[in-house]
Amino acid sequence: MERHDNLRLRPPRHRVDRRAIGWWTLQSTLFALPLPLTFGILWATIPPTREFFMWATLISLVPGLLYMAVMPAWRYRVHRWETTDEAVYAASGWLWQQWRVAPLSRVQTVDTLRGPLQQMFGLSGVTVATASSSGAVKIKGIDHQVAQDLVEFLAARVESVPEDAT
């Protein structure tokens, strides 16, 4: 049985790509603005309900604007990743933050994901899945070429690491 005594949960070294701030800002805009925009249209078009929809617009707009202003930069400060010859490390989140480590001897699959918004920003995500029930290590918001290189490195490295029987 292989021991992982040298693996410890620690902040990974590499930041995600700076373009992730723009990606997260666009995501937050698409999440936060539809409701206040709807209320604003109703405010402008239905005179008897203008006061109600004015307040509804403001009440829904303020938290959305705060979310759009704070979340992307905060996530950028938290999200980090790193790979070594023994493990993959990732830190993610903004309000609920998590640090994860996956020993390469336990890696089962390495996948990439590029949604339409990520593609607009030239970004990708990498998911490193293990047999563990605690979930996969996810690295989101890295340059597409860096993600491809990372997947190739991990695939080659995982093949050369003996499997962990536990």
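Values computed for the structure shown
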quantity: Selection within region 1-21 - at pLDDT 95 or above and open to solvent by less than 30 Å² (accessible area, probe 1.4 Å); calculated: Val16, Ala20
quantity: Wholly enclosed helices (runs of 4 or more DSSP H) of region 48-166 bearing at least 3 residues within 17 Å of Gly22 (Cβ to Cβ), open to solvent by less than 60 Å² (accessible area, probe 1.4 Å) and touching a residue at least 60 places away in the same chain (Cβ under 8 Å); calculated: 116-121
quantity: Number of the exception - Asp85 against (1) acidic (Asp, Glu); (2) at pLDDT below 95; (3) within 14 Å of the chain's Cα centre (by Cα); calculated: (3)
quantity: Which listed residue, of Ala87, Ala91, Ala156, Ala131, is closer than 26 Å to Leu26 by Cβ and of a type in the set (Gly, Ala, Ser); calculated: Ala91
quantity: Any chance Gly93 is on the phi > 0 side of the Ramachandran plot and at pLDDT 95 or above; calculated: no
quantity: Members of region 106-130 that are over 20 Å from Val158 (Cα atoms) and of a type outside the set (Lys, Arg); calculated: Gly115, Pro116, Leu117, Gln118, Gln119, Met120, Phe121, Gly122, Leu123, Ser124
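The values are calculated or read from the model by the stated rules, or taken from the named source; none is laboratory data. Just so it is clear, the model here is predicted, and its values are computed rather than measured. In this analysis, Cβ positions are derived from the backbone assuming ideal geometry, glycine residues included, and neighbour counts consider all displayed protein chains. Side chains included, ligands, DNA and RNA excluded: accessible areas come from the protein's heavy atoms. Shrake-Rupley method; radii C 1.70, N 1.55, O 1.52, S 1.80 Å.
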